[in-house]
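Read the structure below first, then the notes.
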Amino acid sequence: MLELLYKRRSIRKYKSTKVDAATVQSFLKAALLSPSSRGFQPWQFVVVDDSDVLTQLALAKKGASFLKGAALGIVILADPGLSDVWIEDAAIAATILHLTSESLGLGSCWIQIRERQHTESETAEQYVQRILGIPDNLKVASMISIGYPDESKSPHTDGDLRLDKVHNNKF
Ligand SMILES: Cc1cc2nc3c(=O)[nH]c(=O)nc-3n(C[C@H](O)[C@H](O)[C@H](O)COP(=O)(O)O)c2cc1C
């Protein structure tokens with residue numbers, strides 16, 4: 001696990017290679033195995049492999065454009081009516097998808113949607129809801145772009161570790 005965590009980077013450039021159905025299933029199993037508060041599982045996932053839809057989603061906000069070149073996007077939704085800590089549950093599922101991607105030799109990047117704007121008058125969340133036909137009761141937390149990496153990034157090193165953020169027994 002530690003080796004994977006050092007190697008994991010946000011990858012935003014992808015080859016045109018498709019992700020096969022068995023690999024997509026692995027991602028879905030990983031997401032559905034995510035822990036959630038009290039086991040309420042308030043999340044839902046929209047798997048997008050249609051390049052026209054990926055292109056539209058890439059316009060959701062600044063800092064999402066690379067989704068256009070991804071083989072796959074997984075949109076993470078959650079129902080606040082099912083859990084008061086849906087934000088945490090959705091973030092855990094996103095993290096698990098990001099780490100699963102690394103473990104499968106794919107590159108991925110988190111795209112924040114919650115609390116972000118599409119335009120001055122429309123939130124990124126409203127935009128994604130409109131594009132995907134998501135019901136109003138479901139919040140859009142984030143999207144994970146996934147594809148075979150077409151960039152290589154150096155792994156993290158011990159020099160990146162902010163040990164000053166760790167406190168022993170007392171702050
Ligand atoms: C909550 C969260 C939101 C993020 N949102 C975006 C985003 O909208 N667009 C993007 O390109 N990267 C996004 N990232 C990726 C971060 O920029 C990246 O993890 C950070 O710069 C560290 O780089 P590394 O992942 O390569 O270690 C997000 C990461 C997290 C954890």
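The values are calculated or read from the model by the stated rules, or taken from the named source; none is laboratory data. None of these values were measured; they are calculated from a predicted model. Here Cβ is always computed from backbone atoms with ideal geometry, including for glycine, and neighbour counts include all displayed protein chains. Each accessible area value is taken on the protein alone, full model and side chains, heavy atoms only, with ligands, DNA and RNA left out. Shrake-Rupley method; radii C 1.70, N 1.55, O 1.52, S 1.80 Å.
Summary of computed values
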| read-out | value |
| --- | --- |
| Residue that is surrounded by the most Cβ atoms within 10 Å (Cβ to Cβ), among those in the stretch 58-100 that are polar (S, T, N, Q) and assigned to a helix (DSSP H, G or I) | THR100 |
| Subset of the stretch 1-53 [without any contact (Cβ under 8 Å) to a residue 60 or more places away in the chain, farther than 22 Å from ILE87 by Cα and not hydroxyl-bearing (Ser, Thr, Tyr)] | MET1, LEU2, GLU3, LYS18, ASP20, ALA21, ALA22, VAL24, GLN25, ASP49, ASP50, ASP52 |
| Selection count where residues are more than 13 Å from the ligand (Cβ to nearest atom) and open to solvent by 20 Å² or more (accessible area, probe 1.4 Å), scope the stretch 101-120 | 5 |
| Any hit, the stretch 107-119, residues being in contact (Cβ under 8 Å) with a residue 24 or more places away in the chain, of a type in the set (Ser, Thr, Tyr) and farther than 17 Å from ASP49 by Cβ | no |
| Test: residue in the stretch 7-29 that is of a type in the set (A, V, I, L, M, F, W, C), more than 12 Å from the ligand (Cβ to nearest atom) and within 13 Å of the chain's Cα centre (by Cα) | yes |
| LEU54 vs. criteria part of a helix (DSSP H, G or I), under 22 Å from ASP89 (Cβ atoms) and under 17 Å from the mean Cα position of the chain (by Cα) | no |
| Residues located in the stretch 11-25, provided they are within 11 Å of GLY147 (Cα to Cα), among the polar types (S, T, N, Q) and open to solvent by 80 Å² or more (accessible area, probe 1.4 Å) | SER16 |
| Test set (1) of a type in the set (S, T, N, Q); (2) under 17 Å from GLY105 (Cβ atoms); (3) under 16 Å from the mean Cα position of the chain (by Cα); (4) open to solvent by 40 Å² or more (accessible area, probe 1.4 Å) - GLN44 fails condition number | (2) |
